[in-house]
């Protein structure tokens, strides 16, 4: 039997395909089957326990003992849900920590960008709009939402791109030690932001997978009203730049 997706026979798209992160959060839900499963652990456990107790001892006391023992599956499942809830809360904290790390590097990069813009403007006539844009970034480097953080990062990339145009247009700027050092620090922080983003996206991917993990995590996520999270994505401007000709 051939593979469902066969790279040898296709079909293939010779034009290639660009991809985008879908800006949509999905809610977690459970169906009647899951609800039936959860209730049946208690009811069937009690009935089976009582039945086994009666058959084994032929006395009501044995049936009562068996019914109490039949509660065990439901109790165990309740503990499993409690552990699942604690795990998801811990995972949320990991996501927060990873997001905070991105914010930290973004803040450092904005400071470097601000210093770099000031240094470059002393040597060449840097666009006033660039200076104002960098100053605006400095006032909001700690966004409180994933999308805001993503937008802020794209703005930082855009501002650096415009400063870099001036930098490339004046080769003599490379000889200035302070500017060269600022460019090196910016390059380092770009790599750190990429690494922090990857960590964040990996943790978000774990979250998005685990909240649909049946039965315990999915039940807990549904009752808590959890949704999937949207990972970081490249801006349209960054994607367009990546498709440019460099050599």
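The values are calculated or read from the model by the stated rules, or taken from the named source; none is laboratory data. Predicted, not measured: the structure shown is a model, and the values here were computed from it. Positions of Cβ are generated from backbone atoms using ideal geometry, with glycine treated the same way; all protein chains shown enter the neighbour counts.
Observations, loosely collected:
- Residue check, residue 217 crowded, with 17+ Cβ neighbours inside 10 Å and modelled with pLDDT of 90 or more: yes
- Scoring residue 86 on the criteria (1) under 17 Å from the mean Cα position of the chain (by Cα); (2) over 19 Å from residue 151 (Cα atoms) leaves a single failure, condition (1).
- Qualifying residues in the range 137-164 (those that are out of contact with any helix residue (DSSP H, G or I) (no Cβ under 8 Å at 6 or more places or on another chain) and modelled with pLDDT of 65 or more) - the one nearest to residue 196 (Cα to Cα): 150
- Residues of the range 177-194 that turn out to be in contact with a helix residue (DSSP H, G or I) (Cβ under 6 Å, 6 or more places away or on another chain), at pLDDT 85 or above and surrounded by fewer than 14 Cβ atoms within 10 Å (Cβ to Cβ), as a count: 0
- So residue 79, is it loosely packed, with under 14 Cβ neighbours inside 10 Å and at pLDDT 85 or above: yes
- Any chance residue 222 is touching a strand residue (DSSP E or B) at 6+ places or on another chain (Cβ under 6 Å), within 27 Å of residue 87 (Cβ to Cβ) and at pLDDT 75 or above: no
- Residue check, residue 167 modelled with pLDDT under 75, in a helix (DSSP H, G or I) and out of contact with any strand residue (DSSP E or B) (no Cβ under 8 Å at 6 or more places or on another chain): yes
- Condition check for residue 62: surrounded by 12 or more Cβ atoms within 10 Å (Cβ to Cβ), more than 26 Å from the chain's Cα centre (by Cα) and at pLDDT 90 or above: no
- Any chance residue 202 is within 30 Å of residue 31 (Cα to Cα), at pLDDT 90 or above, surrounded by 14 or more Cβ atoms within 10 Å (Cβ to Cβ) and touching a helix residue (DSSP H, G or I) at 6+ places or on another chain (Cβ under 9 Å): no
- Test for residue 197: is it modelled with pLDDT of 90 or more and in a helix (DSSP H, G or I): yes
- Residue check, residue 103 modelled with pLDDT of 85 or more and either part of a loop (DSSP other than H, G, I, E, B) or within 30 Å of residue 211 (Cβ to Cβ) (or both): yes
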